[in-house]
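Scroll down for the structure; my scribbles are underneath it.
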Amino acid sequence: MNLPWHFAPLRGERVTLDLVSTDDVEALSAIQGDPAIVRYMLYEARSREQVVAAIERDSAHNSLEKAGDYVQPAIRDADGQLVGTLYFKLASTDDRTAEIGWLLSASARGKGYATESADIFLRVGFEELGLHRIYAELDPRNEASAAVCARLGMRHEAHLRENMWLKGEWVDTAIYAILEQDYRRIRA
């Protein structure tokens, strides 16, 4: 693996990924504070103060070196407006594996921002870091995220029934993943 890896802004055709900052408090509060938007996330809707704390915590994570390290950049549209965040965590250096996830504002959904942002990180993971496997864990009721996984070429590998007690109910977990060889075949 090619570690350590230090985050620098990444650009796609329509999105830019850069670190969240205190300038993003209002936009991120509107996203993370909306119970409908965070319905499938591991946390409840956040207060403004919780979002400020999350920005402080996440903006300090700007490199990947060992298992557990993560980056959580802002997803910005062509106008530079924050429309969501992406999560990329180095799960194992021995197994060359990472986890990916995303969260978008309601107004940004259905426009391809999650797919484009995640695709940028698939490239980083496989072409720069030398990963073998990138996976996403999500609530299978989140059909939009499952569709993003499919567009990325990720395979539905598992469906874990009622494996987590979350927000007052037992929930399932779906696991999607893509291997480096599949990534390269799809892009060839």
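Could you check the simple spin-label distance between His132 and Thr22, using points 7 Å along Cα→Cβ, in nm with one decimal?
Placing both labels 7 Å along Cα→Cβ, they lie 4.4 nm apart.
In the P(r) worked out for segment 5-187, what percent of Cα pairs fall beyond 20 Å? Intermediate results must be reported in sequence, preceding the final value.
Numbers: 8905 of 16653 pairs.
Value for segment 5-187: 53 percent of Cα pairs lie more than 20 Å apart.
Using a simple spin-label model with points 7 Å from Cα along the Cα→Cβ vector, what separation in nm is obtained for Glu169 and Asp95?
Once both label points are built, they end up 2.9 nm from each other.
When ranked by the protection proxy of mean other Cβ atoms within 10 Å per residue, highest first, what sequence do the peptides 107-114, 147-154, 34-41, 160-167 form?
147-154, 107-114, 34-41, 160-167
Translational diffusion coefficient of segment 113-188 at 4 °C, 1.567 mPa s, Stokes-Einstein with Kirkwood Rh over Cα pairs, in µm²/s as a whole number.
99
How do His156, His61, His6 line up, fewest other C-beta atoms within 10 Å first?
The order, fewest Cβ neighbours first, is His6, His156, His61.
Of Tyr70, Leu129, Leu28, which is farthest along the charge dipole of the chain in the positive direction, counting Lys and Arg as +1 and Asp and Glu as -1 at C-beta?
It is Leu129.
Order of Leu82, Leu179 from fewest to most other C-beta atoms within 10 Å?
Leu179, Leu82
Determine the dipole magnitude for the chain: charges of +1 sit on the beta-carbon of Lys and Arg, -1 on that of Asp and Glu, nothing else is charged, the reference point is the Cα centre, and the result goes in debye to the nearest 20.
Computed about the Cα centre, the dipole is about 460 debye.
A short reminder: the numbers here are calculations on the coordinates, not readings from a lab. All values reported here derive from a predicted model rather than from experimental measurement. Cβ atoms come from the backbone with ideal geometry, glycine included; neighbour counts cover every protein chain shown.
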